[in-house]
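Structure record follows, encoded as structure tokens.
The values are calculated or read from the model by the stated rules, or taken from the named source; none is laboratory data. Everything quoted here is computed from the prediction, not taken from an experiment. Methodologically, a virtual Cβ is constructed for each residue, glycine included, from the backbone with ideal geometry; neighbour enumeration extends over all protein chains shown.
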């Protein structure tokens, strides 16, 4: 009988983490920035049809980087969970924290139990009636969840993006300023110029009513 090949658990986890990070690093990063009426999400995305930023529920936006088919599968699952929770209980019971917790559990199980981890990082942004109720959550490939304030980033070069936003960010700024900061941060890690229209951007804005999510037009993004 052949002796099975043994790999120490810590080495196995290290290899999986390295594999996932490499896959995520090949994707294009996304930043989230709070502004006076909500949260802006922006990233480079030359594809006009394969969206990386979408609506999950009334006041919750989703963003994913990494392997498209994997975070798209998670996005659809998050929408179904939110719809079921809102139908069974109340629409106010659907929160970004609840959806992010579900994503963290799913990604944690996949990372530890499946042969291949998901090559994704996720972000959930929720706008409340007040600034204090604004929430940004980040979920990594291994199921680790972070609660962020003011701004956040997902993708392969998060530290550089955060450093850029720290230099420019101001509280209660208008959307135009947030767009400028987000574009400058993303442009700082991109080789070459970004062609007009290659930005994907959306907001969850408390002034939009119950459906707070709005996708920004290319002209609106390019003019900032």
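Count of segment 109-121 residues, restricted to those that are outside any helix (DSSP H, G or I) and in contact with a helix residue (DSSP H, G or I) (Cβ under 8 Å, 6 or more places away or on another chain), is 6. Among the residues in segment 90-103, are any under 18 Å from the mean Cα position of the chain (by Cα) and in a loop (DSSP other than H, G, I, E, B)? Looking through segment 90-103, at least one residue is under 18 Å from the mean Cα position of the chain (by Cα) and in a loop (DSSP other than H, G, I, E, B). Under the condition of being assigned to a loop (DSSP other than H, G, I, E, B) and more than 15 Å from residue 98 (Cβ to Cβ), the residues counted in segment 122-137 number 4.
Within segment 44-64, can one find any residue that is crowded, with 23+ Cβ neighbours inside 10 Å, modelled with pLDDT of 90 or more, on the phi < 0 side of the Ramachandran plot and part of a loop (DSSP other than H, G, I, E, B)? Checked segment 44-64: at least one residue is crowded, with 23+ Cβ neighbours inside 10 Å, modelled with pLDDT of 90 or more, on the phi < 0 side of the Ramachandran plot and part of a loop (DSSP other than H, G, I, E, B). For residue 127, the requirement of being surrounded by fewer than 19 Cβ atoms within 10 Å (Cβ to Cβ), closer than 25 Å to residue 206 by Cα and either in contact with a strand residue (DSSP E or B) (Cβ under 9 Å, 6 or more places away or on another chain) or free of Cβ contacts under 8 Å to residues at least 24 places away in the same chain (or both) is not met. Scanning segment 59-90 for residues that are more than 16 Å from residue 29 (Cα to Cα), in contact (Cβ under 8 Å) with a residue 12 or more places away in the chain and out of contact with any strand residue (DSSP E or B) (no Cβ under 8 Å at 6 or more places or on another chain) turns up 77, 81, 85. Does residue 39 count as surrounded by fewer than 24 Cβ atoms within 10 Å (Cβ to Cβ), over 11 Å from the mean Cα position of the chain (by Cα) and at pLDDT 95 or above? For residue 39, the condition - surrounded by fewer than 24 Cβ atoms within 10 Å (Cβ to Cβ), over 11 Å from the mean Cα position of the chain (by Cα) and at pLDDT 95 or above - is not met.
If you go through segment 23-31 one residue at a time, do you hit one that is more than 15 Å from the chain's Cα centre (by Cα), surrounded by 15 or more Cβ atoms within 10 Å (Cβ to Cβ) and closer than 17 Å to residue 201 by Cα? No - not one qualifying residue is present in segment 23-31. State yes or no: is residue 106 more than 22 Å from residue 134 (Cβ to Cβ), assigned to a helix (DSSP H, G or I), more than 13 Å from the chain's Cα centre (by Cα) and in contact (Cβ under 8 Å) with a residue 12 or more places away in the chain? Taking the combined requirement at face value, the residue satisfies it.
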